[in-house]
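This report refers to the structure that appears directly beneath it.
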């Protein structure tokens, strides 16, 4: 039976031998690559500008819609393709409003941390009651039920008069 100390020594020797073989391979150049070639390939493969972000906007269903950022019109989403907005990186969020005739306006936010894709779901006006948070319209003033359908108050009987004492 081999003692515990011998196991530790054999493990230590095996680890040192492995490091020596790995170091020899690196020194000879078995695992080394020419970094000048890789840098040139990486630069030519990605001509992307890192100080700009591309925000891609597309509507669902695909429709020609207008995209506004405040009072500024950013563009119109072309029917088969998305609209791509190029902004400076980390320039703050864009609060966008997407409008299309016959559909409810959609308010959304796009961030400029990285390239992003925003899919905007358009809802027809006739289907607005399917949206979360929908409230039925308030009837106009002077309608048949001004008290919103509450039952009328019960009639209150007149107070009973106290008997007048006789003298």
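Data for the structure
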item	result
Residue tally, condition surrounded by 12 or more Cβ atoms within 10 Å (Cβ to Cβ) and part of a strand (DSSP E or B), over the range 90-120	14
Candidates 126, 114 - the one that is farther than 17 Å from residue 64 by Cα and within 19 Å of the chain's Cα centre (by Cα)	114
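Readers should treat all values here as calculations from the given coordinates under stated rules, not as data from a laboratory. Since we're looking at a predicted model, the values are computed, not measured. Neighbour counts run over all protein chains shown; Cβ positions are idealised from the backbone, glycine included.
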